[in-house]
Amino acid sequence: MTYYIGVDVSKHKLDVAWLKDLSSMKVKTKIFDNTLEDFIQLSDWLADNLGSDVSFNDIHIVLEATGVYHENLAYYLYDLGFQVSIINPAFVKHYADSLGVRQKTDKKDSIILAKYGATTQPDIWIAPSHEARHLKSLLSRLDALHEDLQREENRKEKAEATDTPKAVKDSIDAVIAYLKQAIKALNDDIDNHIKRHPKLKADQALLQSIKGVGQVISRQMLALFNTKQFNNAKQVSAFLGLIPKQQESGLFKGRSRLAKTGNSSIRAKLYMAAVVATQYNPDIKDQYEHLQQNGKCKMQALCACMRKLVQICFGVIKHQTPYQPQIQAI
């Protein structure tokens, strides 16, 4: 028998609901702090209420993906042997709407999560390896430094175009120099981290066998494929917001656009990689030219190429084989 537990996670607290019986909707709730100390109390509370004869593997805990606040709890529960699912908040919202739920409280949300788990039986989450989580953190920090650098360079441009004191200009130059140095050091750390772990190193080599995929995209795809679970390439495209979104209502038929869900920073990097791939990757180049000949504008063709490039990346990792252009094989 599986026991379903919903946990609504916020920055400071955890609202926990144990769904005792789905038919009668009997629940038992408890509030804990979002701290390691209370994680231990949570696991003890579950053991006390469910009984010592129930193994953690029989307990299915359902969480929402709430920024980063759910991650420590998810890793803790996973390491203990609980069955853990991490759900897109939009899915839970749609489920709550289907039940006619109008009130929104943390306690209510935890009960909805428990019911969602019992009725839909979502996929079990598999925690990424420590080295993959480390890589993801390093890349996130690198993106933040690049954003800081761009802001300072914008300030420098503004300062040079106005009557700005030398002290201000010197301060901006000093920050820019520091950020460039920090970016270089972090790039070295990322490369060394990948080289130290054989699986990451091998997967990056496979990704870089694809013409148009260089250091930037190989790192991003490496972190993505090692921290997220995908069954097929279409799921990856959907996760990155690269699936066309059709707009139709009655007689109105709008232009299809990218869904643009997920990480916009990765999409921006993929756009640049697709531009390069249209010149040097035979499969991408053939698709790009074919779509334009069929009346697609350049942006629509490039968006399709971004999706194709992601699919190729997924393929080489899934099959663990270097990229072989299909257009030449034909």
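Just so it is clear, none of the values below were taken in a lab; they were calculated from the coordinates. Note that the structure is predicted; figures quoted are calculated from it, not measured. Note that we place each Cβ from the backbone using ideal geometry, even for glycine, and neighbour counts take in every protein chain shown.
General observations
- Virtual spin-label span in nm between residue 124 and residue 71, 7 Å along Cα→Cβ: 2.4 nm
- Mean-square fluctuations from a GNM of the chain, with a 10 angstrom spring cutoff on Cα atoms, peak among 141, 102, 196 at 102.
- Between 216, 84, 68, the GNM of the chain built on Cα springs shorter than 10 angstrom shows 68 fluctuating the most.
- Given 201/318; 234/308; 28/93, the pairs whose alpha carbons are separated by over 19 Å: 28/93
- Tilt relative to the chain, helix 198-207 - C-alpha long axis, 0 to 90 degrees, to 10: 50 degrees
- Overall form of the stretch 3-120 per C-alpha gyration tensor (a/c, 1.5; a/b vs b/c): oblate
- Between helix 71-80 and the chain: long-axis angle, C-alpha atoms, 0 to 90°, nearest 10: 60 degrees
- Choice from 159, 223, 74 with maximal GNM fluctuation in the chain (Cα, 10 Å cutoff): 159
- Between residue 232 and residue 10, the simple label model (points 7 Å from Cα in the Cβ direction) yields a spacing of 4.0 nm.
- Computed from the Cβ-Cβ distance with R0 of 35 Å, the FRET efficiency linking residue 324 to residue 183 stands at 0.50.
- Using bins of 10 Å that start at zero, the share of Cα-Cα pairs per bin across the stretch 130-196 amounts to 20, 39, 23, 13, 5, 0, in whole %.
- Whole-number percent relative contact order across the chain, with pairs defined as alpha carbons under 8 Å at least 6 apart: 13 percent
- A Förster radius of 41 Å combined with the Cβ-Cβ distance from residue 209 to residue 26 puts the calculated FRET efficiency at roughly 0.15.
- Only DSSP H runs of four or more residues enter the estimate; each adds -39500 (n - 2.57), and after division by the residues of the chain the mean residue ellipticity at 222 nm equals -19500 deg cm²/dmol.
- Whole-number D in µm²/s for the chain (Stokes-Einstein; Kirkwood sum over Cα pairs; 37 °C, 0.692 mPa s): 142 µm²/s
- Between 0 and 90°, nearest 10: helix 36-50 axis offset from the chain longest Cα axis: 40 degrees
- Once the Cα-Cα distance is subtracted from the 0.36 nm per residue extended length, the residue 1 to residue 105 segment shows a gain of 34.5 nm.
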